[in-house]
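Student: Here you go, one structure.
Computed from the coordinates by the stated procedures, all read-outs in this text should not be read as laboratory data. Just so you know, these numbers come straight off a predicted model, no measurement behind them. Cβ atoms come from the backbone with ideal geometry, glycine included; neighbour counts cover every protein chain shown.
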Amino acid sequence: MASTDTEYLFRCSRAEKQLIDMIRELKYGEIRIIIQDGKPIRAEDIKKSVVLGQADKF
């Protein structure tokens with residue numbers, strides 16, 4: 001195999017699969033992940049970030 005990436009095979013839950021898909025579809029940005037009992041329960045795609053206390057740039 002010519003790829004430099006290492007490939008792993010593992011079983012994951014439906015929530016983990018959704019999280020992986022969400023990460024792969026995101027071109028740039030941030031995702032906030034909420035974990036309970038070692039499992040992802042919610043992911044938030046951060047759409048906008050505003051730096052406060054600076055001159056208006058809107």
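Student: How many angstrom lie between the C-alpha centres of region 6-22 and region 33-52?
Tutor: The distance from the Cα centre of region 6-22 to that of region 33-52 comes to 17 Å.
Student: Return the single residue from K17, K48, K39 with maximal mean-square fluctuation; model: Gaussian network over the chain, springs between Cα atoms under 10 Å.
Tutor: Of K17, K48, K39, the Gaussian network model singles out K48 as fluctuating most.
Student: Can you bin the chain into rounded, prolate or oblate? Criterion: square roots of the alpha carbon gyration tensor eigenvalues sorted a ≥ b ≥ c, rounded for a/c under 1.5, prolate for a/b above b/c, oblate for the rest. Kindly include the intermediate steps, with their values, before the conclusion.
Tutor: Values: a/c = 3.57, a/b = 1.68, b/c = 2.13.
Oblate shape, in that a/c is at least 1.5 and b/c is the bigger or equal ratio.
Student: A follow-up question, please. Given Cβ point charges of +1 (Lys, Arg) and -1 (Asp, Glu) and nothing else, what value in debye, to the nearest 20, does the dipole of the chain about its Cα centre take?
Tutor: Numbers: 11 positive and 10 negative charges, 36 e Å.
My answer is approximately 180 debye.
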